[in-house]
């Protein structure tokens, strides 16, 4: 599959790059090209000290190599295709200036990833915030980075403790967190899950999610209905494959029937679903096309797929690492081969490429808005526009000149709106994009007007899937991959730009890849706020403790 815009390159536009964060931390602009150097971690030292690392091209792949004075040399593939790696760098639009109220407001003296909570070196605010509700789970998944059942202690914050975490997210400045995802363990088994959902909604979160295995939602339509009523908008559903042999390997149980029942119950409850496949080479990478088709077939309920190549949180031999490592470029190649939908090199962009959209909205509305300013190698994605009748999808890149449109959006966002706003009133800016829309290539029923409505629905939930989806907007499916780091591929420059933050009961915030890997603050936080099983039993006398024994 090829795109008519394959030859389109990003025009030369000066990147707006702040030199310092809002609290004085120096911002090193993104290093582009190969080779380059960064700071990483020794896999054997357990994230206790940083060491220099070199990133370079070898046999068409992007590799990282580093040497620990105590434990020797390490080498890992961070991107399976150097050409796609370099393309991702081409479509970043500069950093954000971070928070003006980080927990560690120590300017240039900050040290990443040691001064976490967040520190003055962090450039991004949270596009998505996570709050862990428990380390209990009703599964024992071999691939779980939270390691919920092996911790040896019970972590289950009370409602007041959860409120502290949510308030810390709402209090970030200059942009407060507005999207929260409850996670775990399995968040739905928290005894006061429904109360917590309602509390998040009452505190002003515009979108409330849960990362779940879906078992309780599959077992009870009534529970799904109650979750929706309490404020649950979306679930991020573990969805590793389309056959039970895959689930036996990744989750330890045959779960396909339950996954399909979750889809049906969420359809009736009007809860959106994002599939979250953990992709492991040799286990389920051959079923990516089938997972994608399942999402397309159920696009009335499924709004996206968040592909997550597996991260190795424990020690692993070099041979096994080479055999099982699956990178984002591997994802792009496999989806193109298995689905026939994608152009590997032209349909994928880093999620940070949507920065011009946020900047234009901010310029029009005259206020800061959430911006996905992640490192371009953290994630990549594309939007699929789905013809529901034909059960077929087409990437937006194949009927919209995305490179030229992003350029125009960035230039428009830099205009001095002032008095011009009375003329533009925002709408004229969007209408100027019509020249990039190729109606003859668009899916059936998609006019330019409906395309603009769909963009508006992505930023205004009342006009999108939470409200008028299917009438005001066209059905879309976000297809995105995010490769979370582990000790073998850890890059401090990615951490500084992380847009997925965990809130902790101590009122601090932690980037995903320091909370779950690297220094692994998860273990420190959970141990600090865990309580003996007996006291937990006194608090909730109906809690089943079998899952943590």
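Structure values in brief
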quantity	calculated
When residues of segment 489-501 are limited to those that are in contact with a strand residue (DSSP E or B) (Cβ under 6 Å, 6 or more places away or on another chain) and buried (at least 24 other Cβ atoms within 10 Å of the Cβ), the one farthest from residue 530 (Cα to Cα)	489
Residue, surrounded by the fewest Cβ atoms within 10 Å (Cβ to Cβ), within segment 114-124, restricted to residues that are assigned to a loop (DSSP other than H, G, I, E, B), touching a residue at least 12 places away in the same chain (Cβ under 8 Å) and touching a strand residue (DSSP E or B) at 6+ places or on another chain (Cβ under 8 Å)	117
Lone qualifier among 324, 319 - being without any contact (Cβ under 8 Å) to a residue 40 or more places away in the chain and either under 23 Å from residue 486 (Cβ atoms) or surrounded by fewer than 21 Cβ atoms within 10 Å (Cβ to Cβ) (or both)	319
Residue list for segment 241-258, restricted to those being more than 27 Å from residue 319 (Cα to Cα) and buried (at least 23 other Cβ atoms within 10 Å of the Cβ)	255
Single unsatisfied condition, residue 63 versus (1) in contact (Cβ under 8 Å) with a residue 40 or more places away in the chain; (2) under 26 Å from the mean Cα position of the chain (by Cα)	(1)
Some residue of segment 324-332 being modelled with pLDDT of 95 or more, in a helix (DSSP H, G or I), more than 15 Å from the chain's Cα centre (by Cα) and closer than 16 Å to residue 241 by Cβ	yes
Test: residue in segment 464-474 that is on the phi > 0 side of the Ramachandran plot and modelled with pLDDT of 85 or more	no
From 152, 117, residue being over 20 Å from the mean Cα position of the chain (by Cα) and modelled with pLDDT under 95	152
Residue list for segment 287-316, filter: closer than 25 Å to residue 377 by Cβ, surrounded by fewer than 19 Cβ atoms within 10 Å (Cβ to Cβ) and at pLDDT 95 or above	289
Any chance residue 238 is surrounded by 17 or more Cβ atoms within 10 Å (Cβ to Cβ), out of contact with any helix residue (DSSP H, G or I) (no Cβ under 9 Å at 6 or more places or on another chain) and under 22 Å from residue 303 (Cα atoms)	no
Within segment 334-367, tally of residues that are within 21 Å of the chain's Cα centre (by Cα), more than 20 Å from residue 402 (Cβ to Cβ) and touching a residue at least 60 places away in the same chain (Cβ under 8 Å)	0
The listed residue being under 25 Å from residue 323 (Cα atoms) and over 23 Å from the mean Cα position of the chain (by Cα), out of 22, 34, 86	34
Unmet criterion (only one of (1) touching a helix residue (DSSP H, G or I) at 6+ places or on another chain (Cβ under 6 Å); (2) under 23 Å from residue 83 (Cβ atoms); (3) assigned to a loop (DSSP other than H, G, I, E, B)) for residue 371	(2)
Any hit, segment 421-432, residues being crowded, with 16+ Cβ neighbours inside 10 Å and either modelled with pLDDT of 85 or more or closer than 30 Å to residue 42 by Cβ (or both)	no
Selection count, segment 176-188, where residues are out of contact with any helix residue (DSSP H, G or I) (no Cβ under 7 Å at 6 or more places or on another chain) and part of a helix (DSSP H, G or I)	0
For residue 384: the one exception among (1) crowded, with 23+ Cβ neighbours inside 10 Å; (2) at pLDDT 90 or above; (3) closer than 29 Å to residue 34 by Cβ	(3)
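Per-residue answers, yes or no, for (1) under 26 Å from residue 403 (Cα atoms); (2) in contact with a helix residue (DSSP H, G or I) (Cβ under 8 Å, 6 or more places away or on another chain); (3) at pLDDT 95 or above:
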residue: 452; (1), (2), (3): yes, yes, no
residue: 458; (1), (2), (3): yes, no, no
residue: 483; (1), (2), (3): yes, yes, no
residue: 493; (1), (2), (3): yes, no, yes
residue: 513; (1), (2), (3): no, yes, no
residue: 520; (1), (2), (3): no, yes, no
residue: 528; (1), (2), (3): no, no, no
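The values are calculated or read from the model by the stated rules, or taken from the named source; none is laboratory data. These numbers were taken from a predicted model, which means no experiment stands behind them. Positions of Cβ are generated from backbone atoms using ideal geometry, with glycine treated the same way; all protein chains shown enter the neighbour counts.
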